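Scroll down for the structure; my scribbles are underneath it.
The values are calculated or read from the model by the stated rules, or taken from the named source; none is laboratory data. Every value quoted in this text rests on a predicted model; they were computed, and no experiment measured them. Here Cβ is always computed from backbone atoms with ideal geometry, including for glycine, and neighbour counts include all displayed protein chains. The protein model used for the area step is the full one, side chains on, heavy atoms only, and it has no ligands, DNA or RNA in it. Shrake-Rupley method; radii C 1.70, N 1.55, O 1.52, S 1.80 Å.
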Amino acid sequence: MMKANSRFLYLWLMATWLAVSCTQEKSSELKVLQLNVWVNAARVEGGVQGLVDVIDQTDADVVLLCELYSGEDETLLTQKVIDELGKRGKTYYGDGCRLPVGILSKYALEEVSAFMPTPKEVCYRPVVKAHITVNGRTAAVYSTHLDHLNYAPYLSRGYSPTTWKKIDAPVTDPDTILVANRLAWRDETIRGFIRDAQSETAKGHLVILGGDFNEPSHLDWQADTKDIRDHRGAVVPWDVSQMLAQAGYVDAWRSRFPDAVTHPGFTWPAGNEAAKLENLFFAPDADERDRIDFIYYYPQPGVTLDGIRIVGPAASVDHGKITPEQTDEDILSLTATWPSDHKGNLATFRIAPQPVVVPPSPEKKLTFAFLTDLHLTKENSRNRLNGFKQALERAKGAGSEFLIFGGDLVDITQKIQLSREETDSMYTVFKQAVEQAGLPYYAVIGNHDRYFDAENGCPDGDEVFNAHLGGHSYYTFERQGVRFFALNSVQRYADRGDLCIGEEQLDWLKRELVHVSLATPVIVIQHVPVYSLYYPAVSTNYSPWDVVCNFREELQLFREHNLKLVLQGHQHFYEELFLQNVHYITGGAVCAGWWGGSFHGTEEGFLLVRADSSGDFDWEYVDIGWLPK
């Protein structure tokens, strides 16, 4: 039998527990419906009413729609749907943006905005975003519709990705398919979304993205599906899905159903009996079924995916015929007139109250030193070799895992051109000093590292550099998920004296980039800058050797890719430029004013760079503390 004070304590604890349990918020359900409404729901008779019925029967909390095209004098489709649902006692809010993509929500829409990641004149693909509050937590919901042109999945099926007509033979080479795919503007839209959503995820907000991507997932075109669905052996690392996955987003369907054979999740073309059959497909002699409509979300503590279903007809179009699905999927077929040539996604999330989050341990960043413009000479004037060794010691002491040299390692072309024997001795001194530092290293060629005139038996070009440093003056390598391109920026066109990236090198670069995921962070290293304002700032004019003469052609090759940083040298000047989401950093010079002191305020030093696999990086210019002798 309990003593009185023990009984009192027990009763008090029980009462406290019950009070806390009764007042504690439970998790809330959030149902999200994504659907392409097929040209304003006008391609199917009764399509608008069908859309109202679909939303009513799914009872979605948030609806992400695309292909909302409406004339200026016509009532917005979204407003029609809101009005009709209101008559059924259901209140929805619309984003009011009057764009081809839209959001409806039972929750009040807050901070509605729209942005255009693509140039409007070539690809009108806006993204609409709104905040809602669920169970005291903020969710940022995005609706999008990616570029429909250059639909590359058709290539393996024997059809053109641009004209949708038959081609002479199917194309199954993944590199060729990706080249065609990247002509579209889909990756630009997704990159814009990822950039916009970074501030949301950093605050712990739930981020949900839904839309018609007009591109399959790389998870659906792997080895297990290569011999079915007219993939004809093609295993394709589709860009958009890889970009989202690398940024941390979860493909809701494939996370619940990882087997792409038993649960393909086809969303297009839908076997819609209410539509004209000839309007439902483009490749009548092929199996064009694919999953191109998606819901993605960013995982946050207290947010779970409770389930997801494909919504729409229980059939797709295969070889020009409506064919019932032969899969293990439980497709949600409604009694409504189906308004679209796509099927939709209906995802159910559980949203718990905002938890107390313990910040994760910071990811170990890739740390390296960028050292440029050493200008080692045969006579070691001003004791420059010791200055170089001091720079190496500082770089190693700062935690560098490897070194990158930005050119002008030696000084072949001083007032007179050196002999090959003298040049070899300088390269030997350079390599011995670096090897003594005990760190791996990479180097690019500078204008002082090569001969420009074939005199005295000395080879014109990069032969000497190649002989001493790895065999080639341009190459690529990868470290901790970051792709580096080391380029030769001191080549010359035959008919002009400017420095450039040569045509053969550009062709090589184009081939290499095909193998690089658009999600992979890219860093370019070259000696002569892509961009620089040094000479206009210092001497008010440019010379032909201040920047590579064909920088526009070079940058165009990286247009589709996740280029984050260009490290450059040549100017002996520390400079930062930020253009179109790319940082261009001229990394000063280890020798500053040729070992005679600072150069226009830039001391002897190097750039210390820290980068991670997501493409986030920081840097600092490190003064090595060298005192000229």
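Structural remarks
- Amide hydrogen neighbours beyond the local backbone of residue 599, cut-off 5 Å, H modeled: 593
- Accessible surface computed residue by residue for the chain, with neighbouring protein chains in place and a 1.4 Å probe, gives 42 Å² per residue.
- Near residue 291, the amide H atoms lying under 5 Å from its own belong to 217, 267; only residues 5 or more places off or on other chains count, and H is placed 1.01 Å from N.
- Each of the peptides 93-106, 590-603 was scored by the mean count of other Cβ atoms within 10 Å over its residues; in descending order, highest first, they stand as 93-106, 590-603.
- Burial order of peptide ranges 148-154, 43-49 (average beta-carbon count within 10 Å, highest first): 148-154, 43-49
- Partners for residue 431 among aspartates and glutamates (Cα-Cα distance below 16 Å; same-chain residues under 8 apart left out): 373, 393, 408, 411, 421, 422, 449
- Sequence-distant lysines (8 or more away, or on other chains) whose Cα lies within less than 26 Å of residue 26: 90, 106, 203
- Qualifying trypsin sites (Lys or Arg not before Pro) for the stretch 477-566 [loop in DSSP, other Cβ within 10 Å: at most 13]: 496, 559
- By accessible area, using a 1.4 Å probe on protein heavy atoms only, the chain has 52% of its surface on carbon and sulfur.
- Working ranking of peptides 83-92, 27-36 by packing, defined as the average number of other Cβ atoms within 10 Å per residue, highest first, is 27-36, 83-92.
- Lys/Arg +1, Asp/Glu -1 at C-beta; the chain dipole; positive extreme among 38, 152, 423: 38
- Efficiency of FRET between residue 69 and residue 480 - r from beta-carbon atoms, R0 56 angstrom, step 0.05: 0.80
- Projecting the Cα positions of 217, 76, 94 onto the charge dipole of the chain (unit charges on Cβ atoms of Lys, Arg, Asp and Glu, taken about the Cα centre) puts 94 furthest along the positive direction.
- Inter-label distance for residue 386 and residue 621, nm, one decimal - labels placed 7 Å from Cα along Cα-to-Cβ: 2.6
- A value for log10 I(q)/I(0) by the Debye sum over Cα atoms at q = 0.09, 0.10, 0.11 Å⁻¹ was derived from the coordinates, and within the list [x] -0.88, -1.05, -1.20; [y] -0.83, -0.94, -1.04; [z] -0.71, -0.90, -1.11 it appears as [y].
- 4 °C / 1.567 mPa s Stokes-Einstein diffusion coefficient of the stretch 436-492, Kirkwood radius on C-alpha pairs, µm²/s: 101
- Under Karplus coefficients 6.51, -1.76 and 1.60, residue-wise ³J(HN,Hα) of the stretch 183-199 in Hz, glycine/proline x: 6, 7, 9, 5, 5, 5, 5, 5, 5, x, 4, 4, 5, 5, 7, 4, 5
- Sum of -39500 (n - 2.57) over DSSP H runs of 4+, divided by residues of the chain (222 nm, nearest 500): -7000 deg cm²/dmol
- Cross-link pairs beyond the 28 Å C-alpha cut-off, checked among 226/365; 120/276; 120/510; 166/226: 226/365; 120/276
- Global form of the stretch 308-406, assessed from the alpha-carbon gyration tensor, a/c cut-off 1.5: prolate
- Share, in percent, of DSSP beta bridges within the chain that are antiparallel, nearest 5: 70
- Overall form of the stretch 231-353 per C-alpha gyration tensor (a/c, 1.5; a/b vs b/c): oblate
- Residues whose amide H comes within less than 5 Å of that of residue 349, counting only those at least five positions distant or on another chain, are 30, 31, 32, 306 (H built at 1.01 Å from N in the peptide plane).
- Whether the stretch 461-589 is rounded, prolate or oblate, judged on the alpha carbon gyration tensor where a/c under 1.5 counts as rounded: oblate
- C-alpha long axis of helix 420-437 to longest principal axis of the chain, angle in °: 50
- Couplings 3J(HN,Hα) of the stretch 142-147, computed from phi: 10, 10, 9, 9, 7, 3 Hz, in residue order, whole Hz [Karplus 6.51 cos²θ - 1.76 cosθ + 1.60, θ = phi - 60°; x for Gly and Pro].
- Net charge dipole size for the chain [Lys, Arg +1 and Asp, Glu -1 on Cβ; Debye, nearest 20]: 1880
- Reducing the stretch 216-275 and the stretch 558-629 to their Cα centroids gives an inter-centroid distance of 42 Å.
- Unit charges at the beta carbon, dipole of the chain: most positive-side option, 609, 436, 62: 62
- Axis angle, to the nearest 10 degrees, between helix 47-58 and the longest C-alpha principal axis of the chain: 90 degrees.
- Within straight-line reach of residue 321, meaning a Cα separation under 18 Å, sit the following aspartates and glutamates at least 8 residues removed in sequence or on another chain: 230, 273, 278, 285, 287, 288, 290, 341.
- Crossing angle, helix 503-514 versus the chain [Cα axis fit, 0-90 degrees, rounded to tens]: 30
- In this structure, residue 350 and residue 228 have a Cβ-Cβ separation that, at R0 = 41 Å, corresponds to a calculated FRET efficiency of about 0.75.
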